[in-house]
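A.B. asks: What follows is a structure written as structure tokens; I'll ask about it next.
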Amino acid sequence: LDLDHCSIYGQDGNDLGIAFQLCAAKLPKSSSLQQHLVALYQRLVNPQVAVLCHKLGLAESETATKTSPTAVLAGRLGLGRKSVKGLASMMMSKEVVIYTRRAHLLDYYSQRRKRTVSLKWNPEWHLDDTHVVFPSNITTAAEIMATYSGPRLLPSEQLDLERALQRLLCARDALQLELGLSYAPTLVATSAPKNVKLIATALGFVTEDTFLWDDNQDLNGEPNVFITEKYAKMAGAEESELMYYLEHVLPTNSLTTEAVAFLSSATTYDSSSLVRDKNGKYKWRVSWAPRRPAPFQLPPNALQRPANEKATAGPHTPESKRGDKKSLRSFFMKDLVSPRSPEKQHIPTHTAPHTALQTAPHTAPRAAPHSAPHTALNPAPHTAPHTVPHTTPHTAPHTAQLNLSAGKSVGSAVG
């Protein structure tokens, strides 16, 4: 699965995740920053991703698996990551992988030094010079940063990268919850165009049964790639829930000066999450659409869930499991119910598959990729650079992948 504009709303949530990080001290103390970010990204998940996974029978929330199926098997056999290759075909199961183009996690452009730094993580995670795989058992950005072995980074660059990795992991965890998965999806980040065959081979999947859903029109016509409608606008129900969450967790009057400067630096109205009302006061803004995006295309001969079969988890996680989470690895224990503040209890939550979504694909043109150097503050093709200290706009498109035979990731700095 591709991430930005495909699995989640906008480019890194149209900078909402960055705003939360810049205002960490202003968020309710009842939860950690990471918990708030996961709750935010849950409300940014494209509802059509959940519908797709429901139809493909990918929800496995009744099991207690703590990592991806292939990683679990490798662990039981006492094998390392390299030995995971080929095990997927033994699993007889489907696995979700996030495949995103985040060049700043491999080639980081330093605004301070005005040059590109080649990043090196755990050697076993690098597939080649353009791809890095972050395993599903990684839970924090600090775990990834601890494996760094590339050129020395300045403190501001380390912070920028750690924040970018944190947002990426939180988006992954939100997808895990919303899709009803019993494991955190593996993350694959790339600085090059997407290559389904390369990733399928590297992860030990059957190439013919490995598919990529991506909004990047440049991939149109590529084998095993399904082009999705760009998720840059939200329908009423999703937009209302996100706006309610933003107004109650991070009201605009609590934004820091740094966050306001960052959010206000977007050059177009459509790319801005913060605007002024007629009285000159700041207010949150979410791009609205009269309908949900078009359904994701199903693979040929895909085994769909029978209409009368009860799903283990609907397209959206029940409200009781949304919001603040405790242990990443105990999401799906039957006795775990994540706490939610009383004022949110009435927010409507979808607990059944959205079946009336047969709408025509959106025809709006795809925004041209930004040409600025790769950095972490703005990880998708944004329309204009942001001016937050210690960060720079990223421009590479994002993507992600779903394997249907068995069994992306974190990035640099704030972006």
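A.B. asks: Of all the helices (runs of 4 or more DSSP H) wholly in segment 1-96, which have at least 2 residues that are open to solvent by less than 10 Å² (accessible area, probe 1.4 Å) and at pLDDT 50 or above?
C.D. replies: 16-22, 33-42, 47-55
A.B. asks: Follow-up question, since we're still on this one. Quick test for you: out of Pro193, Pro123, pick the one residue that is open to solvent by 30 Å² or more (accessible area, probe 1.4 Å) and in contact with an Asp or Glu (Cβ under 8 Å, 6 or more places away or on another chain). Even if it seems obvious, please write down each step before you answer.
C.D. replies: Numbers: Pro123 fails: in contact with an Asp or Glu (Cβ under 8 Å, 6 or more places away or on another chain).
Every option except Pro193 fails the conditions.
A.B. asks: Of all residues in segment 249-302 being of a type in the set (D, E, K, R), in a loop (DSSP other than H, G, I, E, B) and open to solvent by 40 Å² or more (accessible area, probe 1.4 Å), which is nearest to Leu52 (Cα to Cα)?
C.D. replies: Arg292
A.B. asks: Separate question: For Asp107, indicate whether it is crowded, with 18+ Cβ neighbours inside 10 Å and more than 21 Å from Leu179 (Cα to Cα). Give the steps one after another, and end with the answer.
C.D. replies: On the way: crowded, with 18+ Cβ neighbours inside 10 Å: yes; more than 21 Å from Leu179 (Cα to Cα): yes.
Here the answer is yes, as Asp107 does meet what is asked.
A.B. asks: Out of everything in segment 212-229 that is more than 27 Å from Thr139 (Cβ to Cβ) and either in a strand (DSSP E or B) or charged (D, E, K, R) (or both), what residue ends up being least open to solvent (accessible area, probe 1.4 Å)? Even if it seems obvious, please write down each step before you answer.
C.D. replies: The first filter runs over segment 212-229 and keeps only residues more than 27 Å from Thr139 (Cβ to Cβ), leaving 215-229.
Okay, now just the ones that are also either in a strand (DSSP E or B) or charged (D, E, K, R) (or both), so 215, 218, 222, 225-227, 229.
On the way: Asp215: 5, Asp218: 125, Glu222: 95, Val225: 22, Phe226: 21, Ile227: 51, Glu229: 26 Å².
Of everything passing the filter in segment 212-229, Asp215 is least open to solvent (accessible area, probe 1.4 Å).
A.B. asks: So, one more: Does at least one position in segment 156-173 carry a residue that is in contact with a Leu (Cβ under 9 Å, 6 or more places away or on another chain), surrounded by 24 or more Cβ atoms within 10 Å (Cβ to Cβ) and not in a helix (DSSP H, G or I)?
C.D. replies: Scanning segment 156-173 turns up no residue that is in contact with a Leu (Cβ under 9 Å, 6 or more places away or on another chain), surrounded by 24 or more Cβ atoms within 10 Å (Cβ to Cβ) and not in a helix (DSSP H, G or I).
A.B. asks: Next up: Kindly list the number of the only condition in (1) under 23 Å from Phe205 (Cα atoms); (2) at pLDDT below 95 that fails for Lys114.
C.D. replies: Every condition holds for Lys114 apart from (1).
A.B. asks: Of the residues that make up segment 201-211, is at least one among the hydroxyl-bearing types (Ser, Thr, Tyr), under 20 Å from Gly17 (Cβ atoms) and open to solvent by less than 20 Å² (accessible area, probe 1.4 Å)?
C.D. replies: Going through segment 201-211, the residues among the hydroxyl-bearing types (Ser, Thr, Tyr) turn out to be 201, 207, 210.
If we keep only those that are under 20 Å from Gly17 (Cβ atoms) too, we end up with none.
Checked against the condition, which is being among the hydroxyl-bearing types (Ser, Thr, Tyr), under 20 Å from Gly17 (Cβ atoms) and open to solvent by less than 20 Å² (accessible area, probe 1.4 Å), segment 201-211 yields no hits at all.
The values are calculated or read from the model by the stated rules, or taken from the named source; none is laboratory data. Since we're looking at a predicted model, the values are computed, not measured. FYI the Cβ positions are ideal-geometry reconstructions off the backbone, even for glycines, and counts take in every protein chain you see. With ligands, DNA and RNA removed, areas are computed over all heavy atoms of the protein, side chains included. Shrake-Rupley method; radii C 1.70, N 1.55, O 1.52, S 1.80 Å.
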